[in-house]
Every structure is written in structure tokens, then in C-alpha cells.
Amino acid sequence: MVWRKGFFNGLRKGLRIYLELVIVIVPLFVFVTFLKHLQVFPVLEAWLSPFMGLFGLSGTATIALLTGFFFTAYGAVGIISALGLGWKEITILAVMITICHEVIIESVILKKMGGSPLRITALRFAFALSAGFVLNLVL
């Protein structure tokens, strides 16, 4: 039966992707929860709130933003869920991370393609920060 082969092939691929996501998201969720209990976030928030306030984000949202920008958007999702942010912050973070995510990996890919990683990365950061600023005004 042809459908069986397709079904099990899809199931196998789906489970592999699920496991890859779990391997990234769960440890980051646990790490952020651990940092919460160590009272690291009040210090971060006090230090970074003036800058992050431009985007309507708390200082603690910096961890999710930097994780999404430099490492993985899926890790940022785990951190965002651990922080318990409101809908406005989640929306702003999601848009900013969507515009500028996984900068390190994508810079390598851009270089191999013959592009200018520095120029494209700078544009992506500028667009992400601009979008966050505008969304803070609109929402």
C-alpha cells in the first residue's frame, strides 16, 4: 500500500523535527526558569529597561530577543514561554525575531552565496529595531 509508506515516512520526519525542537526548547525553558529563581531578571530589567522600553519590552525580554537574533527562534519561543510575557511583548518580540533571526548561521550562508553578511545583517537589525519601535507606538 502506497499510502502506508508515505504515512510512515512523514511520521518519522515529523518525530525527528519534534525531537530537534524539544532538544532546543526544553533546556532553554529550564535555564530561564532557573535564572528566574536566582533573581537574575530584576537586575537585568533594571539595567536594560530604558533601552528595551523604546520597543515596549521589559529588560527581561532581552534574553529572548538575543537568543532569537543570534541562535535560534525556537529557543526564543521556549524563553518567551518561560518568562510569561503579555500579548504586546510577545507580538513585538515575534516580529523582531522573525525579521532578524539566527544571524550567525545565516551570515555564513550569505558569505558562501557571495553576499555581504555585514551589510545584510546590519539591515536586518535596523529593520527589526524599527519594527519593534513602530509596533510599540501602534499597539
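The values are calculated or read from the model by the stated rules, or taken from the named source; none is laboratory data. As the structure is a computational prediction, the values presented were derived from the model and not from experiment. Reconstructed Cβ throughout: ideal geometry from the backbone, glycine too, with neighbour counts over all protein chains shown.
Tally time: how many residues in the stretch 60-109 are over 17 Å from Ala128 (Cα atoms) and either of a type in the set (Gly, Ala, Ser) or touching a Ser or Thr at 6+ places or on another chain (Cβ under 7 Å) (or both)?
Counting residues in the stretch 60-109 that are over 17 Å from Ala128 (Cα atoms) and either of a type in the set (Gly, Ala, Ser) or touching a Ser or Thr at 6+ places or on another chain (Cβ under 7 Å) (or both) gives 8.
Do any residues in the stretch 4-29 that are closer than 14 Å to Ala73 by Cα have Cβ atoms under 8 Å from those of residues that are assigned to a helix (DSSP H, G or I) and of a type in the set (Ser, Thr, Tyr), where the two are at least six apart or on different chains, and which pairs are they?
Note: pairs meeting the criteria are Leu21/Tyr74; Val24/Tyr74; Ile25/Tyr74; Leu28/Thr67; Phe29/Ser81.
Yes/no matrix, rows are residues, columns are (1) surrounded by 13 or more Cβ atoms within 10 Å (Cβ to Cβ); (2) under 17 Å from Gly56 (Cβ atoms); (3) in contact with a Cys (Cβ under 9 Å, 6 or more places away or on another chain):
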{"residue": "Trp87", "(1), (2), (3)": "no, yes, no"}
{"residue": "Val95", "(1), (2), (3)": "yes, yes, no"}
{"residue": "Ile120", "(1), (2), (3)": "yes, no, no"}
{"residue": "Phe125", "(1), (2), (3)": "yes, no, yes"}
{"residue": "Asn136", "(1), (2), (3)": "yes, yes, no"}
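Say whether the condition of being at pLDDT 85 or above, in contact with a helix residue (DSSP H, G or I) (Cβ under 8 Å, 6 or more places away or on another chain) and part of a helix (DSSP H, G or I) is met by at least one residue in the stretch 4-18.
no
Check Leu118, Leu110 and return the single one that is over 24 Å from Met52 (Cβ atoms), modelled with pLDDT under 85 and not small (Gly, Ala, Ser).
After ruling out the rest, the residue left standing is Leu110.
Select, from Ala46, Ala82, the only residue that is buried (at least 19 other Cβ atoms within 10 Å of the Cβ) and small (Gly, Ala, Ser).
The match here is Ala82.
For the stretch 20-84, list the helices (runs of 4 or more DSSP H) that sit wholly inside it and hold at least 3 residues that are under 13 Å from the mean Cα position of the chain (by Cα); which are they?
61-70, 73-83
Which of the residues belonging to the stretch 32-43 are modelled with pLDDT of 80 or more and either acidic (Asp, Glu) or surrounded by 15 or more Cβ atoms within 10 Å (Cβ to Cβ) (or both)?
Hits for the stretch 32-43: nothing passes.
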